[in-house]
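The values are calculated or read from the model by the stated rules, or taken from the named source; none is laboratory data. Keep in mind it's a predicted model, so treat the numbers as computed, not measured. Don't worry about glycine lacking a Cβ; one is built from the backbone with ideal geometry, like all the others, and counts go over all protein chains shown.
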Amino acid sequence: MALMEVNFFSKALMRPVTMNVILPADKVFFEEETEADNKPFKTLYLLHGVMGNYTDWVTGTCIKRWAEEKNLAVVMPSGANMFYMDHPNLNENYSEFIGKELVKITRKMFPLSHKREDTFIAGLSMGGYGAIRNGLKYHDTFGYIIGLSSALITEDMAKRKENDEVMFYETKAFGERCFGDLEKLLNSDMDPKYLVRKLKEENIDFPKFYMACGLQDGLLPKSDEFAAFLKENGIDVTYETGPGAHEWDFWDRYIEKAIEWLPTDDTVEGLGSGNIGDR
């Protein structure tokens, strides 16, 4: 299993950026390779949460192991604290970066499948919102969406007042930095519910959803409500809850469950330090 740190210049962000890429391309077998062993990889674009970066998923979970077991490529970019939104006036177009540029350039760099049904997007907290919103916005690209402990805060942000005593990432100033004019937030394409209603009117083939949230997580009501909203609108969603707060122990357990849910390929494990073979 190859783990690579990749640097490249992003046109959407107008600066060099860094990402981690997991690529199951170096498995060691004694048998002859088959055509199936050399087919393009199904790919998961995996987004971090607020105050995180491209290293979070590798250091906080066993994502490398889960990906290797399913022969899955994983691309982990950095999204700063911008909720994966576009800010054209600042040359910081994170939505375009995630939904278009990152997919295009990684497909040039690596042997990744170009099929929608083989292209997945996921994230936790802020990244869960980013995966849901951008998975819907770029529904022609992503066939499956995963949101863990998703920060579905658009309705709260639309009502936020200047003097509300909340964490910095819940303040009105932070919301305006990420979403712009908060009075225009709802019923815009930054509002996942609006996107669902709009795409439903257009009779779009929706991506399939997997959502999960910890029973001790303050964001649980948001996940409960949005999962119910998806079901009410006839959208295919698998929703799970379980013990855990807003923490890596929960995300490690449920990213494994989410990858099990994805239509990945069962594969033979190659030789390595975790599998030295039978004597």
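General remarks:
- Condition met for PRO16 (under 23 Å from ILE146 (Cβ atoms) and of a type outside the set (S, T, N, Q)): no
- Of all residue pairs spaced 6 or more apart or on separate chains, those with beta-carbon atoms under 7 Å, a first member in the range 178-190 that is touching a residue at least 40 places away in the same chain (Cβ under 8 Å) and a second member that is polar (S, T, N, Q) are MET190/THR154.
- Enumerated helices (runs of 4 or more DSSP H) restricted to the range 1-118, each holding at least 1 residues that are farther than 30 Å from GLU247 by Cβ and either touching a strand residue (DSSP E or B) at 6+ places or on another chain (Cβ under 9 Å) or touching a residue at least 12 places away in the same chain (Cβ under 8 Å) (or both): 102-109
- Complete set of residues in the range 5-23 that are buried (at least 20 other Cβ atoms within 10 Å of the Cβ) and more than 14 Å from GLY79 (Cα to Cα): VAL21, ILE22, LEU23
- Verdict on LEU195 being aliphatic (A, V, I, L, M) and free of Cβ contacts under 8 Å to residues at least 40 places away in the same chain: no
- Qualifying residue in the range 92-107 (condition: surrounded by fewer than 22 Cβ atoms within 10 Å (Cβ to Cβ) and at pLDDT below 95): yes
- Single residue of PHE226, PHE168 found to be hydrophobic (A, V, I, L, M, F, W, C) and touching a Leu at 6+ places or on another chain (Cβ under 9 Å): PHE226
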